[in-house]
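A short worksheet on the structure shown next.
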Amino acid sequence: MNIELIFQIAGIGILTSIFHIVLKQAGKEEYSFIATLAGVAIALIMVVQLLAELLNQVKGVFFL
Amino acid sequence: MEIFQVVGIGLTGAVLAVYVKESNREIAVLISLATGLVLFLYALSQVGAVISVLSELASRANINIFYLTTVLKIMGIAYIAEFGAQICRDAGEGSTATKIEFAAKILVMVLALPIIMALMESVLRLLP
C-alpha cells in the first residue's frame, strides 16, 4: 500500500491552489489557469499509472 | 492488524480530499480516486488466495472449470464497474455512472447466457 501517492497528489493540489492565488494577485489570470491545468495533468498521469496496475491485477485474478 | 492501515488510509484520503475540494475540485476527485485505487489493490491482493482455494475446491468436486471462470469474470466485472461508477458519482457525474452500470449489466448477461442455455438444456432433458 503506497500511501505516498495520496500525499503527493494532495501536495500538488495545495501547490496549484497557491499558484492560482499568487498568479491571480499578480494579475496573470491566463497563467494561473495553465498552472492549474498542469497540476491536474500531472496528478492524472500518476493516478492513471496506478489504475493501469489495478486493471492488470484484476485481469490476472479474475481471468478476465 | 491490517484493518487499521486500511481505515487510516481511507480517513487520510477523505480528509485530504475535503481540504483540497474547496480550492481545487478536480484534484479532490483524483485524490479520492487514488485512495480508492490503493485500497482496492490491497483488497485484491487478498482475494487472490481465496480464488485459488475456490478453484482447488471446484477441481476436487469435478465442476467444469468453465463455470467457475465465468462466475469469477462476472465478479471482476461487477467490482470494476462498481468502482468506476462510484468515482463518477463522487465527481458529480451521475449519468455517466448509470451508463457504466448499465454496460456492466449487459456484459454480465452476455457472460451468463451460456450457463442459462446449459441449464435450459438439462431441464429439457429431464422433461419427458
For the condition closer than 17 Å to A:Leu51 by Cβ and either charged (D, E, K, R) or not assigned by TED's automatic domain parsing to the domain that holds B:Ala91 (or both), what is the one hit in B:Ala14, B:Ala49, B:Ala34? B:Ala34
Out of the residues in the range A:54-64 meeting the condition of being facing another protein chain (nearest Cβ under 7 Å) and of a type outside the set (S, T, N, Q), tell me which one is nearest to B:Leu39 (Cα to Cα). A:Leu54
One residue from B:Lys99, B:Lys73 being surrounded by 15 or more Cβ atoms within 10 Å (Cβ to Cβ) and either not assigned by TED's automatic domain parsing to the domain that holds B:Arg25 or not in a helix (DSSP H, G or I) (or both): B:Lys73
So how many residues does the range A:5-45 have that are surrounded by 17 or more Cβ atoms within 10 Å (Cβ to Cβ), in contact with a Phe, Trp or Tyr (Cβ under 9 Å, 6 or more places away or on another chain) and over 11 Å from B:Asn24 (Cα atoms)? 4
Does A:Leu51 qualify as being assigned to a helix (DSSP H, G or I) and facing chain B (nearest Cβ under 7 Å)? yes
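The values are calculated or read from the model by the stated rules, or taken from the named source; none is laboratory data. Please read these numbers as outputs of a predicted model, since none were measured by experiment. Methodologically, a virtual Cβ is constructed for each residue, glycine included, from the backbone with ideal geometry; neighbour enumeration extends over all protein chains shown.
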